[in-house]
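Undergrad: I'd like to ask you about the structure that follows.
The values are calculated or read from the model by the stated rules, or taken from the named source; none is laboratory data. Computed from a predicted model, the values in this text were never measured in an experiment. Here the Cβ is made from the backbone with ideal geometry for all residues, glycine too, and neighbour counts use every protein chain on show. Surface accessibility is based on the protein's heavy atoms, side chains included, excluding ligands, DNA and RNA. Shrake-Rupley method; radii C 1.70, N 1.55, O 1.52, S 1.80 Å.
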Amino acid sequence: IRQVARLNEAELEKCVPPNASWHTDYRDTAYIYIGGLPFELSEGDVLTIFSQYGNPVDVKLMRDKDTGKSRGFCFLKYEDQRSCDLAVDNLSGAGVLGRVLSVDHT
């Protein structure tokens, strides 16, 4: 989380254009990884939180095979890859129900 924040701060200080951003390494995928999710959240809850940065088209909440309970992480795909950049920059480090989210490109 701190490393993502440092990368973003460095880009802002140096006025790095969007085509030279570290985000461009991930232009071939519209999926993000979301870790640190509260175990009681459902797929719908994740969609509600992350839809503020774009239109999610797929969410895969990882669940325990035996109990069906959330394992606290998921993968989410946006309709537009630019939404991934916004979610990574704005929600990584955010607190949700007492837990800190880790959001990154996949």
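Undergrad: Can you tell me the FRET efficiency between residue 2 and residue 43 if r is taken as the Cβ-Cβ distance and R0 is 35 Å, rounded to the nearest 0.05?
TA: 0.80
Undergrad: Let me ask something additional. Straight-line reach only, C-alpha to C-alpha below 19 angstrom: list the aspartates and glutamates that residue 14 could link to, leaving out same-chain residues fewer than 8 apart.
TA: Leaving aside aspartates and glutamates fewer than 8 places away in the same chain, those within reach of residue 14 are 25, 85, 89.
Undergrad: Starting from the 7 Å offset along Cα-to-Cβ, what nm value, one decimal, do you get for the label separation of residue 10 and residue 57?
TA: 3.2
Undergrad: When the helices in the chain are scored as -39500 (n - 2.57) per DSSP H run of 4 or longer and the sum is shared across all residues, what 222 nm value do you end up with, to the nearest 500 deg cm²/dmol?
TA: On the way: 3 runs with 32 residues, N = 106.
When only DSSP H runs of four or more count, the value is -9000 deg cm²/dmol.
Undergrad: Quick one: pull the percent of accessible area on the chain belonging to carbon and sulfur, 1.4 Å probe, ligands and nucleic acids left out.
TA: Ligands and nucleic acids excluded, carbon and sulfur give 50 percent.
Undergrad: Can you give me the angle between helix 2-14 and the longest principal axis of the chain, using Cα atoms only, in degrees from 0 to 90, rounded to the nearest 10?
TA: Value to nearest ten degrees: 20.
Undergrad: Which of rounded, prolate, oblate describes the chain, given a ≥ b ≥ c as roots of the alpha-carbon gyration tensor eigenvalues and a/c under 1.5 marking rounded, otherwise prolate only if a/b is larger than b/c?
TA: It is prolate, given that a/c is not under 1.5 and a/b is the larger ratio.
Undergrad: Do any trypsin sites (Lys or Arg not before Pro) in the stretch 40-76 lie in a loop, going by DSSP, with at most 11 other beta-carbon atoms within 10 Å of their beta carbon, and if so which?
TA: On the way: sites: 60, 63, 65, 69, 71; in loops: 65, 69.
Answer by residue number: 65, 69.
Undergrad: Something else now. What relative contact order, as a whole-number percentage, does the chain give when Cα pairs under 8 Å and 6 or more residues apart are counted?
TA: Across the chain, relative contact order equals 35 percent.
Undergrad: Continuing with the same structure: What accessible area per residue comes out for the chain, rounded to a whole number of Å², with a 1.4 Å probe?
TA: On a per-residue basis, 61 Å².
Undergrad: Cβ under 15 Å from residue 96's Cβ, residue 96 left aside: what net charge do those residues give with Lys, Arg +1 and Asp, Glu -1?
TA: -2
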